[in-house]
Amino acid sequence: MGFPRGRRRLVMAVAALLATAAVAVIVHRVLAPAEVSTVARADYPAAARPAAGVIGRLPVAPLIVDARLRVYAAHRQVYADRPVDGKYRTTPYWSYRRWPAELTGVVASGSTVVSRWSDGQLVALDAPTGRVLWRTDGPEPTDSGAVVRRTGAATVWNPRGLQLTDLPDGRTVLVATGDAQARGVEVSGGRELWRVDLPGSCRSDVGTTASGQLIGLDACAGPATVEFRDAATGAVRERWRPPGGPDELVVTPLGCRTDRSDCLALRTAGPGDAGGRGWLLGAGEPVAAPALDPAGTVLVGEQAVVVLDGVAVGRSARTGTELWRSADLGTARVLAGQPGRVHLLTEANDLVTLDPVTGGQLSRFSLNVGSDGTGWAPGAVAAEGGYVAVERLRKPVDPDGDDRRYYLTAEAVILAAT
């Protein structure tokens, strides 16, 4: 027997409708915007105090947070692992994922981790738990066209358009910029303090100062000019050009707490590093600091450190007075600085850490792990909390090569305690 023809058609129509509805539900679940937060299920780890030496190797670049966690960036995810001195990357301690937005930057202030996404969203996470503290809209990030490689170093060590600065009253401000707009957000609660329109790609960020200002380089009308914008109000307080400087400027921040945040000085130069000059930053106009003039100089606190003619030299950044020199390192280059430490890398890839005040050697060891060897070139570098992390690149370095050709190994980042 079977269904009459009319009833059969009705059953088939209903079945087709149900199938279509099921597909629609699946498509919605797959394609609809989503947010997945996996919080910590273990106690917040204690701060580690490892002995000086190589800790291990990692496939992605770590952002050291609160001396307790390592935070990483993926295409659509920010996540953390522990312990901070673990030899390898481990199962995530917590994870936060968004879709279809892409992660474009991560910064940390104390135990707050702030992520920025391609749709402009700013999302703050609590480092001990991974829980969302606040979220707010920010300006859409600039599409710089830069290649973001698999380590994610550009996202966690050098997030463009995302900087922190501390105000004199103790508040910390997150400044997020795009081509068309900048916004200042209070880190403690996500409250927007200000928003201003920007002229476009003819203006670029340089960093923030330790006294609570956003530094920009404005080349929109006439010679390039450095602007200092109050991070508490968004108002431009100062526009400045180095006396006798070229119309085109390259401005490099120096003495920053992390990457481009809370910087103590800057260096100006013309195209091709012509006429490089160093300047200390304070409440008024920048003050000339000839000790910061040489390219490659690192500022750590009040001390300027540079390698000249194979000799590491430390000088007072303010007076230029030579404080120390170390001629027994062999061929070396200044790699990075952080409070109380300046790091140099020798030709044999030994990491040498000196006291920037006295020049005394704090540690020295080979940046080698397992059987990887030291036949590599340094790429991106981060120094924070006593740790140094370095990308290892395959020699000869091919900046246009794919990741397999560009990096030394799959676990390209070497992490060391100093």
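The values are calculated or read from the model by the stated rules, or taken from the named source; none is laboratory data. Note that the structure is a prediction, hence the values are computed from the model and not measured. Neighbour counts run over all protein chains shown; Cβ positions are idealised from the backbone, glycine included. We work out accessible area using only protein heavy atoms, side chains counted, and drop any ligands, DNA or RNA first. Shrake-Rupley method; radii C 1.70, N 1.55, O 1.52, S 1.80 Å.
The modelled label-to-label distance between Asp403 and Asp169, using points 7 Å beyond Cα along the C-beta direction, is 4.4 nm. Comparing Gly359, Gly320, Gly272 in a Gaussian network model of the chain where C-alpha atoms under 10 Å apart are linked, the largest mean-square fluctuation is found at Gly272. The loop-placed GluC sites (Glu not before Pro) in the stretch 297-365, going by DSSP, that have at most 11 neighbouring Cβ atoms within 10 Å of their Cβ come out as Glu347. Here the spin labels are modelled as points 7 Å beyond Cα on the Cα-Cβ line, and at Ser111 and Glu285 they lie 4.6 nm apart. Within the shell defined by Cβ-Cβ distances under 15 Å, the residues around Pro223 carry a net charge of -1, with Lys and Arg each +1 and Asp and Glu each -1.
When only Cα pairs under 8 Å and 6 or more residues apart are kept, what is the percent relative contact order across the chain? Provide the component values of the computation, followed by the final result.
Numbers: 998 pairs, mean separation 45.2, N = 418.
Dividing the mean separation by the residue count of the chain yields 11 percent.
In the context of the full set of protein chains, residues of the stretch 212-319 present 41 Å² of accessible surface per residue (probe radius 1.4 Å, heavy atoms only).
Explain nothing, just the number: dipole magnitude of the stretch 299-344 about its Cα centre with +1 on each Lys and Arg Cβ and -1 on each Asp and Glu Cβ, in debye rounded to the nearest 20. Before the final figure, lay out the partial values.
Numbers: 5 positive and 4 negative charges, 24 e Å.
Result for the stretch 299-344 is approximately 120 debye, rounded to the nearest 20.
Shape analysis of the stretch 164-216 places it in the oblate category; the axes a ≥ b ≥ c from the Cα gyration tensor give an a/c of at least 1.5, with a/b not above b/c. Under 10 Å, Cα contacts only: if you run a Gaussian network model on the chain, which one of Ala46, Ala317, Ala231 comes out with the highest mean-square fluctuation? Judging by the Gaussian network model, the answer is Ala46.
Across the stretch 330-384, the mean sequence separation of Cα contacts (distance under 8 Å, 6 or more residues apart), normalised by length, yields a relative contact order of 26 percent.
Taking label points 7 Å from Cα along the Cα-to-Cβ direction, Cys202 and Thr91 give a separation of 5.6 nm. Between 0 and 90 degrees, the angle of helix 5-31 with respect to the longest Cα principal axis of the chain falls at about 10 degrees.
Can you give the local net charge around Gly178? Use residues other than it whose beta-carbon is closer than 14 angstrom to its beta-carbon, Lys and Arg +1, Asp and Glu -1. If you can, show how the numbers build up before the last one.
Values: positive: Arg116, Arg160, Arg183, Arg195, Arg203; negative: Asp119, Asp137, Glu140, Asp143, Asp179, Asp197, Asp205.
Taking every Cβ under 14 Å from that of Gly178, the sum is -2.
Separation of the stretch 49-70 and the stretch 342-418, taken as the distance between their Cα centroids, equals 13 angstrom. Under the combined filter of DSSP loop state and at most 16 neighbouring Cβ atoms within 10 Å, the stretch 36-93 retains these chymotrypsin sites (Phe, Trp or Tyr not before Pro): Tyr88. Of the solvent-accessible surface of the chain, computed with a 1.4 Å probe over protein heavy atoms with every protein chain present, carbon and sulfur atoms account for 52 percent.
Treating only the Cβ atoms of Lys and Arg (+1) and Asp and Glu (-1) as charged, compute the dipole magnitude of the stretch 108-200 about its Cα centre; round to the nearest 20 debye.
Values: 10 positive and 11 negative charges, 66 e Å.
With Lys and Arg at +1 and Asp and Glu at -1, about 320 debye.
Taking only C-alpha pairs under 8 Å that are 6+ residues apart, what is the relative contact order of the stretch 308-418 in percent?
Working: 201 pairs, mean separation 17.9, N = 111.
About 16 percent, as a whole number.
When the chain is treated as a GNM with alpha-carbon contacts under 10 Å, the residue of Pro45, Pro356, Pro294 showing the greatest mean-square fluctuation is Pro45. Classify the stretch 269-321 from the C-alpha gyration tensor, please: rounded if a/c falls under 1.5, else prolate or oblate depending on whether a/b exceeds b/c. It comes out oblate by the Cα gyration axes.
Let's see if you can work this out: charge +1 on each Lys and Arg Cβ, -1 on each Asp and Glu Cβ, no other charges. What is the dipole magnitude of the stretch 169-303 about its Cα centre, in debye to the nearest 20?
Working: 13 positive and 18 negative charges, 34 e Å.
In total the dipole reaches around 160 debye.
Let me know the shape class of the stretch 61-158, please: from the alpha-carbon gyration tensor, a ≥ b ≥ c as square roots of the eigenvalues, rounded when a/c is under 1.5, otherwise prolate if a/b is greater than b/c, or oblate. Judged from the Cα gyration tensor, the stretch 61-158 comes out oblate (a/c at least 1.5, b/c at or above a/b).
Charge tally around Pro168: other residues with Cβ under 14 Å, Lys/Arg +1 each, Asp/Glu -1 each, net -2.
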